[in-house]
Amino acid sequence: MLKIMTFNANGIRSAHRKGFFQWFLKQDVDVLCIQETKAQDHQMQIDSLALSGYQQFLCSAEKPGYSGVAIYSRKQPTAVLTPLDGLWTSEGRLLGIQLDKLEVYSLYLPSGTSGDARQAIKYQLMSELKSWMKSKKDTPVIVAGDWNIAHQRIDLKNWQSNQKNSGFLPEEREWLTALLADDWVDAFRVKNQSEGQYTWWTYRANARANNVGWRIDYQIMNQVLQSSLQSVHIDPLPIFSDHAPLSMVYDIDQIGIKI
């Protein structure tokens, strides 16, 4: 079995101070995909963030205190993967590792909530991501992370009032629908079709206590992996960030992947 967790830390040092890694080390996770580290490489490599028993891999943003993705792996990968360049590397938005035939990526798509310019950049990166994923659909791949899109009405509490807001725009939702129609699978929904399953809550208006949230964190796998999916789980508590960790267990042995 292979357990993969994805978590937008909204500042990995902040999440660490809130006890995230102390909690994480009790979860028996094989691969941890982190987004929004908000830290440079030298800050990530201090003892408290370089976990014993895990290999640490980083793609930090050039801008200090901004974006950044990381992967912690108990298994030694055969390769570290940075398949897209430009903003993907300068803003620290995509990083992968190869484990036998399996590729696991930590993804952080940008938000467009700050205005039209960032929304245009989001669309640009969505287009580049879709083209790259099209080339990978026959390879065992899991793209885990913060996609900054709620796919369907079931994926956010207040869908009616958010139809003109970034993260639930028709163009974003249609893009994700088209991606999933092209041999990719929203792994969480394979096992859980319930309402009220969210991974992000604003800090305002007691949103988390009232479960007024969005499901914007995903593990997207290609169909070759679907039969290996065993379980899915969101951990809304304890609170380490405005996001919750999302974990999935895969029986990779049954599809011939040996790690």
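FYI, it's all coordinate maths here, none of it is from the lab. If you're wondering where the values come from, they're calculated on a predicted model, not measured in any experiment. Ideal geometry is used to build each Cβ from the backbone, glycine not excepted, and the neighbour counts take in all protein chains shown.
What list do you get for Cys33, Cys59 if you sort them by fewest beta carbons within 10 Å?
Details: Cys33 31, Cys59 24.
Least to most surrounded, the residues fall as Cys59, Cys33.
Evaluate the distance, in nm, between pseudo-label points positioned 7 Å from the Cα of Asp47 and of Asp183 along their respective Cα→Cβ axes.
In this crude spin-label approximation the distance works out to 4.8 nm.
Test of understanding: extend the Cα→C-beta vector of Asp116 to 7 Å, then name every residue of the stretch 132-165 with backbone N under 16 Å from that spot.
165, by backbone N distance to the label point.
Label the stretch 2-255 by shape, choosing from rounded, prolate and oblate, from the square roots a ≥ b ≥ c of the eigenvalues of the Cα gyration tensor; if a/c is under 1.5 it is rounded, and otherwise prolate applies when a/b is larger than b/c, oblate when it is not.
Values: a/c = 1.23, a/b = 1.11, b/c = 1.10.
It comes out rounded by the Cα gyration axes.
Taking 0.36 nm per residue of sequence separation and subtracting the Cα-Cα distance, how much length would be gained by fully extending the chain between Gln223 and Ser161, in nm to one decimal? Provide the component values of the computation, followed by the final result.
Details: separation 62, 0.36 × 62 = 22.32 nm, distance 3.34 nm.
Extra length available between Gln223 and Ser161 comes to 19.0 nm.
Using just the helices of the chain, give the 222 nm mean residue ellipticity in deg cm²/dmol: DSSP H runs with n ≥ 4 each add -39,500 (n - 2.57), and the total is spread over all residues, rounded to 500. Show your work: numbers first, answer last.
On the way: 7 runs with 56 residues, N = 259.
Dividing the helical sum by the residues of the chain leaves -6000 deg cm²/dmol.
Determine the alpha carbon to alpha carbon distance for each of Lys122/Lys258; Lys137/Lys258; Lys164/Lys191; Lys101/Lys130 and list only those over 24 Å. Provide the component values of the computation, followed by the final result.
On the way: Lys122/Lys258 36 Å; Lys137/Lys258 20 Å; Lys164/Lys191 29 Å; Lys101/Lys130 21 Å.
Those over the limit are Lys122/Lys258; Lys164/Lys191.
Taking the alpha-carbon centroid of each part, what is the distance from the stretch 101-131 to the stretch 171-202 in angstrom?
Computed from Cα coordinates, the inter-centre distance equals 15 Å.
Which lysines have a Cα lying under 16 Å from the Cα of Lys63, excluding residues fewer than 8 positions away in the same chain?
Lys38
Rounded to the nearest Å, what's the spacing between the alpha carbon centres of the stretch 1-74 and the stretch 216-246? Just the number, please.
So the two Cα centres are separated by 16 Å.
Trypsin sites (Lys or Arg not before Pro) within the stretch 159-259: which are DSSP loop residues with at most 14 other Cβ atoms inside 10 Å? Numbers along the way, then the final one.
Values: sites: Lys164, Arg173, Arg189, Lys191, Arg204, Arg208, Arg215, Lys258; in loops: Lys164, Arg204, Arg208, Arg215, Lys258.
Counting only loop positions with at most 14 other Cβ atoms within 10 Å, the trypsin sites (Lys or Arg not before Pro) in the stretch 159-259 are Lys164, Arg204, Lys258.
Just name one of Val141, Val190, Pro245: the one whose Cα is farthest towards the positive end of the charge dipole of the chain (beta-carbon charges, Lys/Arg +1, Asp/Glu -1).
Selected residue: Pro245.
For a quick check of your reading of the filter: which trypsin sites (Lys or Arg not before Pro) in the stretch 1-103 sit in a DSSP loop and have no more than 12 other Cβ atoms within 10 Å? If you can, show how the numbers build up before the last one.
Numbers: sites: Lys3, Arg13, Arg17, Lys18, Lys26, Lys38, Arg74, Lys75, Arg93, Lys101; in loops: Lys18, Lys26, Lys38, Arg74, Lys75, Arg93, Lys101.
When the trypsin sites (Lys or Arg not before Pro) of the stretch 1-103 are filtered for loop state and at most 12 Cβ neighbours within 10 Å, Lys26 remain.
Among Glu91, Glu171, what is the fewest-to-most ranking by other Cβ atoms within 10 Å?
Working: Glu91 21, Glu171 11.
Placing the least packed residue first, the sequence is Glu171, Glu91.
Contour minus end-to-end for Lys258 and Trp23, with contour as 0.36 nm per residue of separation and end-to-end as the Cα-Cα distance? List each step's numbers first, then the result.
Numbers: separation 235, 0.36 × 235 = 84.60 nm, distance 2.78 nm.
Going from the current span to full extension adds 81.8 nm.
Sort Phe188, Phe240 by Cβ crowding within 10 Å, fewest neighbours at the top.
Values: Phe188 22, Phe240 25.
The order, fewest Cβ neighbours first, is Phe188, Phe240.
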